[in-house]
Amino acid sequence: MTAENKVKQNTLSFKQIWQRYGTLGILALLLVILAVLKPTYFFQSSTVTQILSQSSVNILIALGEFFAILIAGIDLSVGSVVALSGMFMAKLMVSGTTPVLAVLLGIFMGAMLGFLNGILVNSTGLHPFIITLGTQAIFRGVTLIISDSSAVFGFPAGFTKFMAQRIFYVPVAALIAFAVALVLAFLTKKTKLGRNIYALGGNKESAWYSGINVKLHMLIVFIISGICAGIAGVVLLGRVGSAEPAAATGFETYAIAAAIIGGTSFFGGKGKIFGVVMGGLIIGVINFGMNLLSVSSTLQQVVMGALIIGSVTLDRFVAAENRR
Amino acid sequence: MKNVVKKFPGVTALSGITFDILAGEVHVLLGENGAGKSTLMKILSGVHKPTSGTINLGGKEFTGLTPKDSRDNGISVIYQELSVINELSIQENLFVGHLPTKKLGFINTVDYAQMKEHTKELLEKVGLNRDPETFVENLSISEKQQVEIAKALAADSKILIMDEPTTSLTSSEVAHLFKVVRQLKKEGKGIVFISHKLGEIMEIGDRVTVLKDGTYVGTKNVSDVTQDDLVTMMVGRQISGSYQHENADFNKAEVIFEVKNLTRRDGKVKNVSFKLRRGEILGFSGLVGSGRSEMMNSIFGAQPRESGEIYIYGQKADCLTPYQSIKNGLAMVTENRRETGFFHNFNIKKNISVLPFIKKSSGGGTVGLISAEQEEKWADEQKQRLNIKCYSTAQGITELSGGNQQKVILGKWLAADSQIIIFDEPTKGIDVGSKGEIYTLMRKLADEGKGVLVVSSELPELLAVCDTISVFREGEIVATFDRKDATEEKLVAASTAEKGKEKKRDSRK
Ligand SMILES: Nc1ncnc2c1ncn2[C@@H]1O[C@H](COP(=O)(O)OP(=O)(O)OP(=O)(O)O)[C@@H](O)[C@H]1O
Ligand SMILES: [Mg+2]
């Protein structure tokens, strides 16, 4: 190698800078726009709290969704898993189970639903899109059945109080989301399990030939997705104070968007937990901002959709131009 | 192409290359792995934009091409990773993008009749005897390649670039390809031919241009040079020919690997048994489709077997999945490395460390932590050992040249430090100099007491490294030769013997 080559190694290309700091840049940009447009409302201590608490559920779901997309699959059932495990927890709590046990069982329920997704994907060989489209409807249906189509509320005071806490402006919900993100970041970066999942997402055949147990890893991925949705269910119960049978409808869209905005590749094998958290926060800020600017809820959907398409297109465009 | 320079972040792939293509010639591009051959051609096909330099096409001057410019000016590329669309039929593949149409009332519809007619003509030209409506996924690699060539003809290309077209072909398929190439030459097409096989170059090439580390070494008429001259031009030194120990006798050596009565349900392998002794390198010859790779896949547990037993150092080993095999000390460098060896989303380091990490873990390869230090060590070891050309092992594998990618995959299997290693086409896409290094490495492994099995379609390769060569035909071992008795003629004769022909004749009746 010549000396020239060595020097170049240290300077980052535009693509690398974009990959590393792109999402952070978008987030900062959005915050600045809001600060300029509505300075009086924006510079309040409650702003951080609100954004964080609104984003937590989405971040949690997106963290699980991330893994499903990482293996070049998808999990469309996450919204329904949030609702069903939340409903299950709520029922347990109002019938006298201690909150801690109820929460654990609820998360376990999420894991089992994910397990079911994984088993179905493995045994049928169908694309996860089809399987989870089916289970999305099934899980929602079961939620409606066990709840008799009505909301459940009146949780023990201990639970609601705990969930309403905040530690220096940061709500418990956000702390939970960040803790889960940390655990999963560790999993993806430092464990063989995580490495294998990336390998599987990159090339399933190669993974099989390399001795990776493809079905086992697929199963684990869907269980992780289920657990994250289960935890999101807990957080949602805490925030809303009741379990609605229609809770979290359509949340899979936001979760997918968060993962993709955060740089996860739809073709599998590429993405980072940090990016997903950023993606979740970006969506949270957009939501918060539109409320602040009193954009009507119908228009909000339009704006959100446009922003998702825009940011992902920009990302791909930059990547493609740099490859030539 | 004049003074073409291409810089990638970290590397200068081409520093001022001048290259021309005449009508009606085969211009060979030669050079070591990473010399810049593919990059130069990718500039011509519009994949990469040159950093500087100009391209002159039939009088028009460009400073950079888009893929469309390239196509419009009559350039077609047949990449090593074929780009035919498996889900379409042959005819649709040929005319995708410029389907013939006919008027049906007010609307234009696809004129399938015309398309089929035209496809038939083109297929005849490239010598492919298939129904135009056959789906491409049902074709063999060489047939797919013929479709690619036909596609270039359909687009009425004046320049055809073939980047290592023969790596996955058998010798008879190569002969067939050459016939087509000669025909195209006669029609006045300019052909760029990239290959690491010197014999082929001498046979088909008119002129040859040699690159080295992105610089221009020279252009010669093929008729004016010998193979040795070419090697000296590209490597800068001579390379020796054989890698066996003289007078080696393995009859009394310990059997370290044995396969008994291996049979596959699909009939591709029938009741095969063989033994490998300490220090011996065992090769498998045969036509493509004779079942060698299928046998290896079944031994390794990547594909199912109906019956058969495997013994490693005398111990019966299950080997029903790759995981079990790897745990039992088996490794297999697969033939289709892009599909079955390669993680495009990983850098060099991660590609290499997948195997050792799996091997040294429990619970189906899931349990355990990644050690960055270990990973670094494994990768550096293989980089040194195989002389992988990269500026850092943290570089993405897709940024490497074809041959260096192959080396990374080799390294991945070597890093597992397995007892028995199956090499399926070990030197696919690897340059002459590095081939010798890999043969030396294989011999060293065998001398260390490891088992080395080689499947190769290149007879010179088998003859250069193997101590024993078994010939496969229709799923069976039909002959086994000691190195000293083996010749190319004998191996070819055994793999195409009468029995096969008779059977075919019978089935036609
Ligand atoms: N996309 C890329 N990004 C960075 N470096 C690249 C890229 N493509 C090629 N290179 C570098 O350019 C150099 C030349 O590569 P090229 O693929 O042209 O080699 P080659 O002569 O075709 O070799 P081979 O015989 O192995 O196919 C190599 O050092 C390679 O690592
Ligand atoms: Mg190449």
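The values are calculated or read from the model by the stated rules, or taken from the named source; none is laboratory data. Since the structure is predicted, the reported quantities are computational estimates derived from the model, not experimental observations. With ideal geometry, Cβ positions are generated from the backbone for all residues, glycine too; neighbour counts draw on all protein chains shown. Accessible surface is based on the protein model in full, side chains and every heavy atom, while ligands, DNA and RNA are left aside. Shrake-Rupley method; radii C 1.70, N 1.55, O 1.52, S 1.80 Å.
Observations on the model:
- Test item: Cα-centred dipole of the protein assembly as shown, Lys/Arg +1 and Asp/Glu -1 on Cβ, debye: 1320
- Listed by chain and number, the aspartates and glutamates whose alpha-carbon sits under 17 Å from that of B:Lys260, ignoring those within fewer than 8 places in the same chain, are B:Glu294, B:Glu306, B:Glu309, B:Asp318, B:Glu476.
- For region A:209-227, a reduction of at least 40 Å² in accessible area between the chain on its own and the assembled protein chains (probe 1.4 Å) is found at A:Tyr209, A:Ser210, A:Gly211.
- Rolling a 1.4 Å probe over the protein heavy atoms gives the protein assembly as shown an accessible area of 44 Å² per residue.
- Rounded to whole Å, the principal axis extents of the Cα atoms in the protein assembly as shown read 89, 69, 66, largest first.
- Within the listed set A:Leu76, A:Leu113, A:Leu101, the Gaussian network model of chain A (springs between alpha-carbon atoms below 10 Å) gives the highest mean-square fluctuation for A:Leu101.
- Percent carbon-and-sulfur accessible area, the protein assembly as shown, ignoring ligands, DNA and RNA, probe 1.4 Å: 57
- In terms of the mean number of neighbouring beta-carbon atoms within 10 Å, the peptides B:217-228, A:123-134 order highest first as A:123-134, B:217-228.
- Estimated translational diffusion coefficient (Stokes-Einstein, Kirkwood radius over Cα pairs, 37 °C, 0.692 mPa s) of region B:189-277: 185 µm² per second.
- Take each residue of peptide B:6-13, count the partner chain Cβ atoms within 10 Å of its Cβ, and average: the result is 5.
- Helix-only [θ]222 nm of chain B, DSSP H runs n ≥ 4, -39500 (n - 2.57) each, per residue, nearest 500: -10500 deg cm²/dmol
- Within a straight-line Cα-Cα reach of under 22 Å, A:Lys91 can be paired with the following lysines, leaving aside sequence neighbours fewer than 8 residues apart in one chain: A:Lys161.
- Accessible surface buried at the B:A interface totals approximately 3200 Å², computed with a 1.4 Å probe on protein heavy atoms.
- Ranked packing of B:57-65, B:4-12, most packed first, by mean Cβ within 10 Å: B:4-12, B:57-65
- Modelled FRET efficiency - R0 60 Å, B:Lys125 with A:Leu175, Cβ distances, 0.05 increments: 0.30
- With semi-axes defined as the square roots of five times the eigenvalues of the C-alpha gyration tensor, the equivalent ellipsoid of region B:1-89 measures 21, 17, 14 Å, largest first.
- Rg ratio for region A:144-235: its Cα radius of gyration over 2.2 N^0.38 Å, N being its residue count, equals 1.51.
- Averaged over the residues of peptide B:342-348, the number of Cβ atoms from other protein chains lying within 10 Å of each residue's Cβ is 6.
- A loss of 40 Å² or more of accessible area (1.4 Å probe, protein heavy atoms, ligands and nucleic acids excluded) relative to the isolated chain is seen in these residues of region B:365-391: B:Thr366, B:Leu369, B:Ile370, B:Tyr391.
- Modelled FRET efficiency - R0 60 Å, B:Asp206 with A:Ile145, Cβ distances, 0.05 increments: 0.20
- Positive-pole candidate from B:Leu44, B:Phe8, B:Asn73, dipole of region B:1-82, charges at beta carbon: B:Phe8
- In chain B, Rg over Rh equals 0.98, where Rg is the alpha-carbon radius of gyration and Rh the Kirkwood radius from pairwise Cα distances.
- Note on B:269-277: average number of Cβ atoms from other chains within 10 Å of each residue's Cβ is 0.
- Spatial separation of Cα centroids for region B:1-45 and region B:283-337, in angstrom: 40
- Eligible aspartates and glutamates near B:Lys125 by straight Cα distance, threshold 19 Å, same-chain separation 8 or greater: B:Glu25, B:Glu92, B:Glu117, B:Glu133, B:Glu143, B:Glu148, B:Asp156, B:Glu173, B:Glu187
- Extension reserve of the B:Asn251-B:Gln374 stretch, reckoned as 0.36 nm per residue once the Cα distance is removed: 40.3 nm
- Of B:Lys359/B:Lys490; B:Lys151/B:Lys197; A:Lys204/B:Lys407; B:Lys412/B:Lys484; B:Lys60/B:Lys212, those spanning more than 31 Å from alpha-carbon to alpha-carbon: B:Lys359/B:Lys490; B:Lys412/B:Lys484
- Selection from A:Ile260, A:Ala199, A:Ile273 lying farthest towards where the dipole of region A:198-324 points positive, charges on Cβ: A:Ala199
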